[in-house]
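The values are calculated or read from the model by the stated rules, or taken from the named source; none is laboratory data. Not measured: the values here are computed from a predicted model. When we count neighbours, we look across all protein chains shown, and the Cβ atoms used for this are built from the backbone with ideal geometry, even at glycine. Quick note on the areas: whole protein, heavy atoms, side chains included, nothing else; ligands and nucleic acids left out. Shrake-Rupley method; radii C 1.70, N 1.55, O 1.52, S 1.80 Å.
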Amino acid sequence: MKVLITAGPTREKIDNVRFISNYSSGKMGYAIADYAYDLGYDVYIISGPVNIKSINNLNPIMVESADEMYSEVLKIYKEMDILIFAAAVADFKPVSYVDGKIKKNENHSNLLIELKENPDILANIGKIKNENQIVVGFALESENEVEHAFIKLKRKNCDLIILNSANKPNSGFDGDYNTITIIDKYGGIEEKPTMLKSECAKEIFIKINSLLNKG
Ligand code: PMT
């Protein structure tokens, strides 16, 4: 079985020294990749810039921007049996990139940076996947969490969506723990207690395998 995992943040360049990013450490995605490796799967990681390594010395395909991540996903997605999108992909990027360093205005007026939407990698793969592929999305929510996550599952045509909270302790970005709710396309909702991201990875694969067995 071949498994693709996207992990980490993306960086959307403003100029040669500045970018827009987020607090993703990559730990959730890398934990999933390492657990998939332990299961004996062929593992492919496409990773934004992170300061962590796979414990199994898996070599990620490193990218910076959402566009680069999307381009790398498109190169290999067709061969994958399972695709898990754990990356915190920036929804927006600057409309234009300044080749140099933007200077402060003489009159100290505000600097306005216009942003435009990035490609939605998960949603686009959800449109073109084949019926034998399992697509797992994540949802980082801050209110009406289950409702928003389920809408995302439907809108992006996922088989599973892993909900985690953006504003609760031991959930989401950076820490070693996460508090996930696994929602499936049949409407099943499984709230999990706070656990190590490596243990979350195990729970996610238990669910994936139950979907695979469902056929
Ligand atoms: O990396 P860690 O520090 O361990 O933190 C883990 C995590 C919080 C990053 C992870 O658990 C998580 O929630 N990842 C998804 C974060 C996110 O972008 O959530 P979202 O609800 O905005 O995105 C929904 C889904 O669409 C995600 O699967 C995301 O990968 C995908 N997406 C989003 C935007 C975009 N342009 N393309 C995408 O593919």
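Overview of values
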quantity: Some residue of the range 21-31 being open to solvent by 80 Å² or more (accessible area, probe 1.4 Å) and either assigned to a helix (DSSP H, G or I) or modelled with pLDDT of 95 or more (or both); calculated: yes
quantity: Every residue from the range 39-67 that is in a loop (DSSP other than H, G, I, E, B) and surrounded by fewer than 16 Cβ atoms within 10 Å (Cβ to Cβ); calculated: L39, G40, P49, N51, I52, K53, I55, N56, N57, N59
quantity: Of all residues in the range 107-146 being of a type in the set (D, E) and away from the ligand (no atom under 13 Å from the Cβ), the one that is modelled with the lowest pLDDT; calculated: E131
quantity: Yes/no for K207 being of a type outside the set (F, W, Y), in contact with a Phe, Trp or Tyr (Cβ under 8 Å, 6 or more places away or on another chain), open to solvent by 10 Å² or more (accessible area, probe 1.4 Å) and more than 13 Å from the ligand (Cβ to nearest atom); calculated: no
quantity: Members of the range 153-164 found to be surrounded by fewer than 20 Cβ atoms within 10 Å (Cβ to Cβ) and either modelled with pLDDT under 95 or in contact with a Gly (Cβ under 8 Å, 6 or more places away or on another chain) (or both), listed by number; calculated: N157
